[in-house]
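The values are calculated or read from the model by the stated rules, or taken from the named source; none is laboratory data. Model, not experiment: these values are computed from the prediction. Every residue, glycine as well, gets a Cβ built from its backbone with ideal geometry; the counts of neighbours run over all protein chains shown.
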Amino acid sequence: MTVRHDEIKEQLEAYALGSLDPLEHARVDHHLKDCAECERAVGEYGKLIDRFPDVLARHSRGRLDPARKPTLLRTIANRRRAPLLALAGIAAVLALVLSLAWNLQLARTVDAERNAFIALGSYQEIVFEVVDSPQVHKVLLKSPVSGSTSYGKVYVRPDLPFVVAMVGRLADAPAGEAYYVWLAYDTGETVLAGTLAPKPNTQGFDALVFDAGRNGPVLASVKVILQPTGSRQPEGAPALIWNQ
């Protein structure tokens, strides 16, 4: 497998800030094992990030509690709008905004992202083969509920039979229920790809790999529905949905 080097380089800043989604973060992790150039770049970004709290402290009226540093860095990641070097230059301006956001609850954490991916176990290599392909087709699932931050992504590669699905920011599934992932093909057939059950303290992340039995399955829609264990049909309002 060949990871697209230039594409990975564009993600290094977000990787250092911890603002990538689970699969993207794991993908960069995988690339860094064999790329000294990118590993050095991540190290440099890390040094720059470590300077943010000190710069902000010098320009802020209040004293910066060292214990707030992780929250600050993750808040910057969630507010990322400009390249990392530009962020360093406007740290004084950010101080005015971030002083009001010390206690924001984070929507995701790097640990949660890694755990969701690690849970795939032996399927990790398949995931890389799918998501790293220049031919990969990716769709974004959204919540039909206004204001919800839940989301999902589905990846399909035309020359492989695997469908990779991941979700984030979903509420914990009640006992006896799970999130069912239903795939509708362009032929009209609907199949169950599997179930997801984000564990507590994972920020609602989970992922699965499904073998469609034929290369390049063409999807017409994807639904993620919270249903009782043992459900055989897609019933109820979807938590996440995508339609072609």
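Here are some notes:
- Taken together, the residues in the range 130-169 that are in contact with a strand residue (DSSP E or B) (Cβ under 8 Å, 6 or more places away or on another chain) and either over 19 Å from residue 243 (Cβ atoms) or not in a loop (DSSP other than H, G, I, E, B) (or both) amount to 26.
- Selection of the range 222-231 for residues being surrounded by fewer than 18 Cβ atoms within 10 Å (Cβ to Cβ) and either touching a residue at least 40 places away in the same chain (Cβ under 8 Å) or more than 22 Å from residue 175 (Cβ to Cβ) (or both) yields 228, 229, 231.
- Scanning the range 175-191 for residues being among the aliphatic types (A, V, I, L, M), touching a residue at least 24 places away in the same chain (Cβ under 8 Å) and more than 19 Å from residue 22 (Cα to Cα) gives a total of 3.
- Number of positions in the range 144-179 that are surrounded by fewer than 20 Cβ atoms within 10 Å (Cβ to Cβ), under 16 Å from residue 234 (Cβ atoms) and not acidic (Asp, Glu): 1
- When residues of the range 126-174 are limited to those that are among the charged types (D, E, K, R) and without any contact (Cβ under 8 Å) to a residue 40 or more places away in the chain, the one farthest from residue 215 (Cα to Cα): 172
- Here residue 190 meets the list (1) more than 16 Å from residue 27 (Cβ to Cβ); (2) modelled with pLDDT under 95; (3) surrounded by fewer than 15 Cβ atoms within 10 Å (Cβ to Cβ) almost entirely, failing just condition (2).
- Any chance residue 173 is hydrophobic (A, V, I, L, M, F, W, C), more than 26 Å from residue 28 (Cβ to Cβ) and more than 15 Å from the chain's Cα centre (by Cα): yes
- Just one of the listed residues (215, 243) is in contact with a Pro (Cβ under 7 Å, 6 or more places away or on another chain), of a type outside the set (A, V, I, L, M, F, W, C) and either at negative phi or in contact (Cβ under 8 Å) with a residue 40 or more places away in the chain (or both), namely 215.
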